[in-house]
Amino acid sequence: MEVLNKTKIILAKELLDTGVPKTYIAEKLEVNRDTIRLWLKGINKFGLTVFLDKYESAKKVQELQDR
């Protein structure tokens, strides 16, 4: 079963909030540690909801450009 990145972002935030190390989070979510770092940096800057909106918007733009 494939887990959506949006779900992984939420899980990463929740795990970090409980004290789980970024390296462990990256391993369990099968995401690069630098990606986890970037996600969490964005969440800290904008808040989770706004970051998820920005993330989704960026993905839609990328999909349009790939066509």
Within region 18-67, helices (runs of 4 or more DSSP H) holding 2 or more residues that are more than 12 Å from the chain's Cα centre (by Cα) and either at pLDDT 95 or above or surrounded by 15 or more Cβ atoms within 10 Å (Cβ to Cβ) (or both): 22-29, 33-46
Residues being surrounded by 12 or more Cβ atoms within 10 Å (Cβ to Cβ) and not hydrophobic (A, V, I, L, M, F, W, C) - total across region 7-17: 3
First in region 38-52 and touching a residue at least 12 places away in the same chain (Cβ under 8 Å) and of a type outside the set (Asp, Glu), second anywhere and loosely packed, with under 11 Cβ neighbours inside 10 Å and part of a helix (DSSP H, G or I), Cβ under 9 Å, 6 or more apart: PHE51/LYS45
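The values are calculated or read from the model by the stated rules, or taken from the named source; none is laboratory data. If you're wondering where the values come from, they're calculated on a predicted model, not measured in any experiment. In this analysis, Cβ positions are derived from the backbone assuming ideal geometry, glycine residues included, and neighbour counts consider all displayed protein chains.
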